[in-house]
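Enquirer: One structure is given below, represented as structure tokens, and several questions about it will come after.
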Amino acid sequence: ADKVWVPNTNFDDATNWSQNRTPCAGAAVEFPADKTVSVLVREGHSISDMLLPLDGEFVLASGAGFGAADAGSRPDCGTGARARFLDPDRFLWLDPLLWRPGDAASGLFSVDAERVPCLHDDVVFPSDASFRVGLGPGAGTVRVRSVQALGQTLEREEDLAAFLASRAGRLRFHGPGALSVDPEACTDPSGCVCGNAEAQPWICAALLQSLGGGCPQAACLEPLRPEGQCCDLCGAVVSLTHGPAFDLQRYRARLLHAFLSLPQYQGLQVAVSKVPRPPRLREASGAKADTEIQVVLVEAGPEIGSVGRLARALLADIAEHGEALGILSATARESGAPVWGGS
Amino acid sequence: EDGGLALQRQKRNIDLQQPRMTAERGNLVFLTGSAQNIEFRTGSLGRIKLNDEDVGECFHQIQKNKDDITNLKRSIVGLPQNISNQIHQLDSKLVDL
Amino acid sequence: EDGGLALQRQKRNIDLQQPRMTAERGNLVFLTGSAQNIEFRTGSLGRIKLNDEDVGECFHQIQKNKDDITNLKRSIVGLPQNISNQIHQLDSKLVDL
Amino acid sequence: EDGGLALQRQKRNIDLQQPRMTAERGNLVFLTGSAQNIEFRTGSLGRIKLNDEDVGECFHQIQKNKDDITNLKRSIVGLPQNISNQIHQLDSKLVDL
């Protein structure tokens with residue numbers, strides 16, 4: 001699957017600037033001296049002064065550029081304060097909020113660890129934006145199937161290494177971690193484990209930092225913590241033990257079309273993936289497999305009860321069609337009653 | 001080659017052809033793609049200056065030097081001919097004595 | 001944001017009278033309007049280079065060429081005078097015979 | 001980030017000055033630190049042009065002017081020697097009379 005990098009380092013993006021707006025005409029502009037960055041400029045800007053990074057580049061799209069405007073030449077530009085370009089090193093590969101699925105279907109979501117590119121994912125850095133990615137924290141190696149950057153698709157280790165070592169690569173990738181590609185596709189129809197379990201503490205730390213610290217209080221009693229999720233959630237988890245005939249894509253499509261499209265399940269979201277089976281559950285169930293298929297059901301809106309109904313409908317579906325679907329057994333867990341007034 | 005790959009390649013070329021201003025350890029470098037130009041265009045009163053030298057004036061001086069050299073060549077070619085005429089005349093007078 | 005709005009913003013943001021650096025179909029263009037300049041200045045130890053040519057050295061060579069031409073002109077002007085003096089002397093000797 | 005790295009970075013900032021693009025009385029000025037360069041680089045097929053003048057050709061013309069001047073100097077140095085030989089011969093003939 002494709003995972004697309006969301007943030008950019010474009011000059012014209014207000015979120016990259018102090019005060020959350022692009023420099024106005026006549027502004028004094030400052031890039032941090034010691035932050036390496038590639039900046040795409042897509043529009044024209046009049047500035048009175050601009051301090052450039054010691055190592056960096058400004059790529060000019062056609063029609064873009066810079067003109068000299070004397071300070072305070074526009075009354076609407078405010079006084080004196082320099083527009084500062086925010087630290088381009090603030091975007092971490094392991095932050096789940098910085099990725100979006102390339103094939104987002106309504107009704108589907110991913111657990112936090114799988115929002116970050118998995119072992120068999122193709123990673124896309126859109127070519128219409130400049131970007132900078134921090135590998136790490138931690139010196140571990142991030143492995144994916146391929147990396148598309150600057151319009152090139154890198155799927156051989158030597159090509160990726162050459163790119164990362166080039167000036168273009170050094171302007172865009174930094175940090176103590178390493179990036180590696182393994183062109184092996186996931187050929188198992190029952191799906192492949194994402195492979196981010198080891199990185200999950202870092203993934204959750206990045207996510208929680210963006211959320212401003214700890215996990216928000218779940219709005220229900222006995223909330224659930226699905227495999228790969230950073231915080232407790234309210235909803236249901238259906239765990240499937242599968243046989244050789246199971247096809248993950250087909251089952252995901254079945255959930256979307258046979259269930260989530262029904263009016264009574266509007267507003268529900270489902271995450272379906274193969275996950276490592278927690279050891280305690282492995283012993284309890286007596287199953288030999290060390291992986292299982294995890295189906296996470298949550299409500300997007302405030303309605304209550306439909307998640308439980310859907311979980312039971314899925315169990316009934318499996319009881320009836322399990323053999324044809326390649327599902328050997330299924331169990332479901334549900335969170336408890338809602339806590340009103342919880343955040 | 002399928003359409004997707006062609007598009008991808010095209011995008012790549014577009015990106016590589018975009019001009020850029022880069023800083024490398026504090027050096028300022030202006031770069032263009034393989035077949036793109038860097039151009040300076042001045043209005044009638046505007047000037048391009050490189051460390052206090054007016055580039056337009058420099059170009060003008062190069063042309064002036066070239067013209068001066070052409071003229072110098074011409075005078076030097078004419079000079080020996082003129083002198084050799086005078087010497088030849090003297091020689092004739094000597095013979096006539 | 002659509003293309004029309006982007007173009008409009010660009011127009012609004014760069015005054016055509018301002019000296020400016022812009023990209024035109026991959027070319028990097030430095031433009032001066034009416035009476036304003038575009039200047040590039042390095043510190044005392046820095047250099048300005050155009051495709052590996054050192055501009056300072058070029059400016060120096062242009063000046064050196066100019067000076068050399070001035071000197072050449074002077075020698076060429078002096079040369080015939082000097083020779084014509086010698087020829088005149090010879091001529092006088094001839095007449096004295 | 002540990003102290004050593006921070007110190008190193010700080011030292012680097014003192015050694016290097018940030019390149020700067022600034023407006024000075026309406027002029028657009030690009031500046032680098034004391035020992036940093038400003039460079040303009042096109043791809044192999046690109047050119048640097050000033051108001052329709054090709055800078056590469058101008059550099060070529062500077063070198064050509066220099067070579068022409070060297071040749072001119074050589075001819076001018078040879079010229080008087082050649083002539084003075086002829087005058088000396090004439091003089092000898094006169095004495096022989």
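The values are calculated or read from the model by the stated rules, or taken from the named source; none is laboratory data. Remember, predicted model here, so these are calculated numbers, not experimental data. Cβ: placed from backbone, ideal geometry, glycine included. Neighbour counts: every protein chain shown. Just so you know, the surface numbers come from the protein's heavy atoms only, side chains and all, with ligands and any DNA or RNA stripped out. Shrake-Rupley method; radii C 1.70, N 1.55, O 1.52, S 1.80 Å.
Enquirer: Select from the range C:12-28 all residues whose loss of accessible area on going from the chain by itself to the full protein assembly reaches 40 Å² or more (probe 1.4 Å).
Expert: Checking the loss per residue gives C:N13, C:I14, C:Q18, C:P19, C:M21, C:A23, C:G26, C:N27, C:L28.
Enquirer: How much mean residue ellipticity at 222 nm does chain A get from its helices, if each DSSP H run of length 4 or more adds -39500 (n - 2.57) and you divide by all residues, to the nearest 500 deg cm²/dmol?
Expert: On the way: 7 runs with 65 residues, N = 343.
Estimated from H runs of four or more residues: -5500 deg cm²/dmol.
Enquirer: Give me D for the range A:165-268 in µm² s⁻¹, whole number, from Stokes-Einstein with Rh from the Kirkwood sum over alpha-carbon pairs, 37 °C and 0.692 mPa s.
Expert: 182 µm²/s
Enquirer: Which value, in Å to one decimal place, does the Kirkwood hydrodynamic radius take for the range B:44-97 when every pair of different Cα atoms is included?
Expert: Working: mean 1/r = 0.0667 Å⁻¹.
So the Kirkwood estimate lands at 15.0 Å.
Enquirer: Something else: Whole number please: convex hull volume per residue of the Cα set in the range A:1-158, in Å³? Don't skip to the end; give the middle numbers.
Expert: Numbers: hull volume 23.2 nm³, N = 158.
Dividing the Cα hull volume of the range A:1-158 by its residues yields 147 Å³.
Enquirer: Among the lysines, select those whose C-alpha is under 18 Å from the C-alpha of C:K93, and discard any that sit fewer than 8 residues away in the same chain.
Expert: Cα-Cα hits under 18 Å: B:K93, D:K93.
Enquirer: Which FRET efficiency, nearest 0.05, do A:R82 and A:R167 yield, Cβ-Cβ r, R0 45 Å? Intermediate results must be reported in sequence, preceding the final value.
Expert: Numbers: r = 28 Å, r/R0 = 0.61.
Approximately 0.95, to the nearest 0.05.
Enquirer: Which one, C:T42, B:V95, A:A161, is farthest towards the positive end of the dipole of the protein assembly as shown when Lys and Arg carry +1 and Asp and Glu -1 on their Cβ?
Expert: In the protein assembly as shown, that residue is B:V95.
Enquirer: Quick one: if the Förster radius is 51 Å, what FRET efficiency do B:N71 and C:A35 give, using the C-beta to C-beta distance and rounding to 0.05?
Expert: Details: r = 35 Å, r/R0 = 0.68.
It comes out at approximately 0.90.
Enquirer: From the Cα trace of chain A, what convex hull volume per residue do you get, rounded to a whole Å³? Don't skip to the end; give the middle numbers.
Expert: Working: hull volume 57.7 nm³, N = 343.
Looking at chain A, the number lands at 168 Å³ per residue.
Enquirer: Report the D-C buried area as the accessible area lost on both sides summed, probe 1.4 Å, in Å² to the nearest 100. Mind dumping the intermediate values first?
Expert: Values: alone 9610 and 9210 Å², together 15440 Å².
In total, this chain pair buries about 3400 Å².
Enquirer: For C:R25, which inter-copy label distances result when the label point lies 7 Å beyond Cα on the Cα-to-Cβ vector, reported in nm to one decimal and in ascending order?
Expert: Spelled out, the distances from C:R25's label point are 3.8, 3.8 nm.
Enquirer: Treating the beta-carbon of each Lys and Arg as +1 and of each Asp and Glu as -1, no other charges, what is the dipole magnitude of chain A about its Cα centre, to the nearest 20 debye? Working shown, then result.
Expert: Details: 29 positive and 41 negative charges, 74 e Å.
With Lys and Arg at +1 and Asp and Glu at -1, about 360 debye.
Enquirer: Considering the dipole of the range A:170-286 built from charges on the beta carbon (Lys and Arg +1, Asp and Glu -1) around the Cα centre, which of A:Q264, A:S190, A:G175 is farthest to its positive end?
Expert: A:Q264
Enquirer: Across all directions of projection, what mean area in square nanometres is found for the Cα convex hull of the range A:99-177?
Expert: Dividing the Cα hull surface by four gives the mean projection, 5.8 nm².
Enquirer: Give me the one-decimal Kirkwood hydrodynamic radius in Å for the range A:133-190, with the sum taken over alpha-carbon pairs. If you can, show how the numbers build up before the last one.
Expert: Values: mean 1/r = 0.0827 Å⁻¹.
Taking every pair of different Cα atoms in the range A:133-190, averaging 1/r and inverting gives 12.1 Å.
Enquirer: What is the Cα convex hull volume of chain C when expressed per residue in Å³? Intermediate values should be presented prior to the final figure.
Expert: Values: hull volume 21.9 nm³, N = 97.
With only Cα atoms used, chain C gives 226 Å³ per residue.
Enquirer: Summarise the partner chain shielding of A:30-40 as one whole number: the mean count of Cβ atoms from other chains within 10 Å of each residue's Cβ. Intermediate results must be reported in sequence, preceding the final value.
Expert: Details: counts 2, 3, 1, 9, 7, 0, 1, 1, 2, 2, 3.
Average neighbour count from other chains, rounded to a whole number: 3.
Enquirer: Mind putting a number on the dipole of the range A:1-149 about its Cα centre? Charges go on the C-beta only, +1 for Lys and Arg and -1 for Asp and Glu, and I need it in Debye to the nearest 20.
Expert: Details: 13 positive and 20 negative charges, 28 e Å.
Result for the range A:1-149 is approximately 140 debye, rounded to the nearest 20.
Enquirer: Whenever you get a sec, compute what percent of the accessible area on the range D:10-97 sits on carbon and sulfur atoms (1.4 Å probe). Walk me through the numbers before you get to the answer.
Expert: Details: 2290 of 4880 Å².
It is 47 percent, rounded to a whole number.
Enquirer: Placing unit charges on C-beta atoms (Lys and Arg positive, Asp and Glu negative, everything else neutral), compute the dipole magnitude of the range C:16-97 about its Cα centre in debye, rounded to 20.
Expert: Numbers: 10 positive and 10 negative charges, 49 e Å.
Value, rounded to 20: 240 debye.
Enquirer: Working from the pairwise distances between different alpha carbons, so that the mean of 1/r is found and then inverted, what is the protein assembly as shown's Kirkwood radius in Å? Present the calculation step by step, with values, prior to reporting the outcome.
Expert: Details: mean 1/r = 0.0326 Å⁻¹.
Evaluated over the protein assembly as shown, this radius sits at 30.7 Å.
Enquirer: In Å², nearest 100, what accessible area do chains A and B bury in total when the solvent probe is 1.4 Å? List each step's numbers first, then the result.
Expert: Values: alone 16930 and 9380 Å², together 24920 Å².
In total, this chain pair buries about 1400 Å².
Enquirer: Further, regarding this structure: Report the rotationally averaged projected area of the range C:25-67 based on its alpha-carbon convex hull, in square nanometres. Could the numbers behind the result be given before it?
Expert: Details: hull surface 21.0 nm².
Over every viewing direction, the Cα hull of the range C:25-67 projects on average to 5.3 nm².
Enquirer: Still on this structure: Taking only protein heavy atoms and a 1.4 Å probe, what accessible area per residue, in Å², does the protein assembly as shown have with all protein chains in place? Working shown, then result.
Expert: Working: 31500 Å² over 634 residues.
Ligands and nucleic acids excluded, the result is 50 Å² per residue.
Enquirer: Can I ask one more? Express the C-alpha Rg of the range A:79-211 as a ratio against the empirical globular expectation 2.2 N^0.38 Å, rounded to two decimals. Don't skip to the answer; put the middle values down first.
Expert: Numbers: Rg = 15.8 Å, N = 133, 2.2 N^0.38 = 14.1 Å.
Normalised Rg, Cα atoms only: 1.12.
Enquirer: How about the range D:21-97: which trypsin sites (Lys or Arg not before Pro) there are in a DSSP loop, with at most 12 other Cβ atoms within 10 Å of their Cβ?
Expert: Working: sites: D:R25, D:R41, D:R47, D:K49, D:K64, D:K66, D:K73, D:R74, D:K93; in loops: D:R25, D:R47.
Counting only loop positions with at most 12 other Cβ atoms within 10 Å, the trypsin sites (Lys or Arg not before Pro) in the range D:21-97 are D:R25.
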